[in-house]
Amino acid sequence: MNVPLVSFDEMKDRIARLRQVMAAHDLDLAFLSSPQTIAYLTNFGSTGYYLPHFLVLAQEGPETFVIRDFEVPTLEQATATPGVMAWGQERTFYHALKEVLAKHCGKDEPRIGVEGASNFTPYRNILALSAISGGQLVDISPDVEALRRVKSPSELSKIETAGRATVGAVEASIKTLSIGVSEKQLSLEILTGMIDRGSDFPVSIPYVYFGDRTRLAMQQPTDASLGAKDPIYIECGARCGYYTAALTRTGAAQPDQEYTEIYGHMRSAFDLMLGSLRAGAISADVDAQARLYLRKHGLEKWWFHRGGYSLGIGFTPGWGEGMVLDISPDNRMAIPEGAVLHLVSLIRHHGYGFIGMSETVIVELERARSVTPFSRECIML
C-alpha cells in the first residue's frame, strides 16, 4: 500500500466528525461527491472526478465508494475504505446507486446529505439519487466545508514543504530572466524548478504573462517573448500531496515611476492585511485594511480580486477552496487559528495589467506567517 497522505487514525477522526454533522441533520446517509471532501476523508484522489462517483456513509458501519470500475485498483492502493460498488462493465451507475441504497438503508424515504455546492457534481447525478432513493436530500455543503477550515499539523507540514519548493523555483527563475525569453520558457523553468525541489506535479501550470497579456487571468502561457519595457506577471504554486502553496509577483523589465509607485501601494496593502491577520480576526476587517488604503490612493476601482481565500486540498484546475473561508468585505467570519490563506493584493490596472503580489500564509494565535516568503520587491531586470 502507498504511504497515506495522512494517518488512518486521522482519517477515522475526520469521518467521525462528518458523522457528527450527519447526526446534527438527522441524516440516514451522506452521499459525498466533491473530490476535495473524498480526498480529505479517505486519501483517495483522481483526475477522474468528472465521472459519476459518490462516497457513501451511514451513521454506522464502513464507508462505500460508488466509483467507476476502472478506478478500483487505484482506490485500493490509496485508502483503507473497504466498501466498493463499482459501475462500468457489470452494472450502470444508476444500478450501483440502487444497490448501495439497499445495502445501507432500508427506509422508503431516507434523509440523505449531499454536497450541493460542489463544482464537480452534475445536476443529473443529484436528480438520479433523489429519484432512486425516494428520500429527502439535504445540502450539507457548509458543514462539510467547515471541517476543512482548520488544518491539522500533518496538513500544515505539507503546505510548508510546498512553500519551500515554490519560493526556491521562483527565486532561481527570476535570477535568469532576460529579454527575449518566452512565457512558455519561463513557465516551464518554474515548473521544472518546483519539481526538482520536491513538488508533485502542480494543480495549475505556472501562469506567466508578458506585455499586454498581463491583463489576463488563468490562461495558458504562449510563445510571447519579454520585451524591453514589458510588464511581467508570475503566479505559481508547488504541491505536496494534494496541498498547494501559492505565490504571485509582478514587475516589469524596466518599470517606470508610475508602475513602481503603484506596486509600492499594493505592497503596503498586502502588509496591512498580513499585519491584521491573527486568530479571531474578522474577515471583513482584514479586507478593510487594504480596501481603505487603496481607496485613499485612488486604486480601489481596479481591485477586482478578493483579499484572500483558503488553501488546502485542491484538484485541477484550481488549488483554492474559497468556499471554506475567504477575505471579503461582507464576510463577518472570525478566522480560526490553523487556517491557511492565499493572501492576495492585486489590481488590474488599465495600462499595466495586474500589479501586486500574493503569498500563502498560516494563521497563528498572534500573527499570520508566510510560507512563501519571497522578496516583496517589484520584479525588474
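Selection of first residues in segment 57-80 that are over 14 Å from Leu101 (Cβ atoms) and touching a residue at least 12 places away in the same chain (Cβ under 8 Å) and of second residues that are of a type in the set (Ser, Thr, Tyr) and surrounded by fewer than 20 Cβ atoms within 10 Å (Cβ to Cβ), restricted to Cβ pairs under 9 Å at least 6 apart or on distinct chains, gives the following pairs, ordered by first then second residue: Ile67/Ser46; Glu71/Ser46; Thr74/Ser46; Leu75/Ser46; Ala78/Ser46. With the requirement that a residue be over 29 Å from the mean Cα position of the chain (by Cα), buried (at least 18 other Cβ atoms within 10 Å of the Cβ) and under 15 Å from Ile67 (Cβ atoms), what does segment 98-129 give you? Once the filter is applied, which keeps residues that are over 29 Å from the mean Cα position of the chain (by Cα), buried (at least 18 other Cβ atoms within 10 Å of the Cβ) and under 15 Å from Ile67 (Cβ atoms), segment 98-129 yields only Val100. For segment 244-272, give me each residue that is farther than 15 Å from Ile379 by Cα, of a type in the set (A, V, I, L, M, F, W, C) and part of a helix (DSSP H, G or I). Listed by number, the residues that qualify are Ala269, Phe270, Leu272.
Name the pairs: first residue in segment 113-129 and farther than 18 Å from Thr47 by Cβ, second residue assigned to a loop (DSSP other than H, G, I, E, B) and of a type in the set (A, V, I, L, M), Cβ to Cβ under 8 Å, at least 6 apart or on different chains? Hits for this filter: Gly113/Leu27; Gly113/Ile140; Val114/Ile140; Glu115/Ile140; Ala117/Met323.
Scanning segment 169-184 for residues that are surrounded by 17 or more Cβ atoms within 10 Å (Cβ to Cβ), more than 21 Å from the chain's Cα centre (by Cα) and part of a helix (DSSP H, G or I) gives Ser173, Ile174, Glu183. Considering the conditions (1) buried (at least 23 other Cβ atoms within 10 Å of the Cβ); (2) small (Gly, Ala, Ser); (3) assigned to a loop (DSSP other than H, G, I, E, B), Ala165 is excluded by exactly one of them, (3). Identify all residues within segment 130-144 that are surrounded by fewer than 21 Cβ atoms within 10 Å (Cβ to Cβ) and touching a residue at least 12 places away in the same chain (Cβ under 8 Å); write none if there are none. Those that are surrounded by fewer than 21 Cβ atoms within 10 Å (Cβ to Cβ) and touching a residue at least 12 places away in the same chain (Cβ under 8 Å): Ile132, Gly134, Gly135, Gln136, Leu137, Val138, Asp139, Ser141, Pro142, Asp143.
Can you tell me which residues in segment 23-51 are of a type in the set (A, V, I, L, M), at pLDDT 90 or above and surrounded by fewer than 21 Cβ atoms within 10 Å (Cβ to Cβ)? Those that are of a type in the set (A, V, I, L, M), at pLDDT 90 or above and surrounded by fewer than 21 Cβ atoms within 10 Å (Cβ to Cβ): Ala23, Ala24. Look at Leu191 and say whether it is closer than 13 Å to Ile379 by Cβ and either touching a residue at least 24 places away in the same chain (Cβ under 8 Å) or buried (at least 16 other Cβ atoms within 10 Å of the Cβ) (or both). In short, no. For segment 332-363, filtered to residues that are outside any strand (DSSP E or B), in contact with a strand residue (DSSP E or B) (Cβ under 8 Å, 6 or more places away or on another chain) and not charged (D, E, K, R), the residue that is farthest from Ile282 (Cα to Cα) is Tyr352. Does any residue of segment 211-232 turn out to be of a type in the set (A, V, I, L, M, F, W, C), surrounded by 23 or more Cβ atoms within 10 Å (Cβ to Cβ), touching a helix residue (DSSP H, G or I) at 6+ places or on another chain (Cβ under 6 Å) and assigned to a strand (DSSP E or B)? No - not one qualifying residue is present in segment 211-232. Selection of first residues in segment 359-374 that are over 11 Å from Leu274 (Cβ atoms) and touching a residue at least 12 places away in the same chain (Cβ under 8 Å) and of second residues that are in a loop (DSSP other than H, G, I, E, B) and among the polar types (S, T, N, Q), restricted to Cβ pairs under 9 Å at least 6 apart or on distinct chains, gives the following pairs, ordered by first then second residue: Thr360/Thr372.
Table: residues versus (1) under 23 Å from Met22 (Cβ atoms); (2) touching a helix residue (DSSP H, G or I) at 6+ places or on another chain (Cβ under 9 Å); (3) part of a loop (DSSP other than H, G, I, E, B); (4) basic (Lys, Arg).
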| residue | (1), (2), (3), (4) |
| --- | --- |
| Val84 | yes, yes, no, no |
| Arg91 | no, yes, yes, yes |
| Leu97 | yes, yes, no, no |
| Gly106 | yes, no, yes, no |
| Glu109 | yes, yes, yes, no |
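Using the structure shown, decide if Ala162 is within 22 Å of Thr47 (Cβ to Cβ), modelled with pLDDT of 95 or more and not polar (S, T, N, Q). Answer is yes for this residue.
Among the candidates Leu311, Leu292, the residue that is touching a Gly at 6+ places or on another chain (Cβ under 8 Å) and either outside any loop (DSSP other than H, G, I, E, B) or touching a residue at least 60 places away in the same chain (Cβ under 8 Å) (or both) is uniquely Leu311.
The values are calculated or read from the model by the stated rules, or taken from the named source; none is laboratory data. Nothing here was measured: the structure is a model prediction, and the numbers come from that model. A quick note on method: Cβ atoms are made from the backbone with ideal geometry, for glycine too, and the neighbour counts reach across all protein chains shown.
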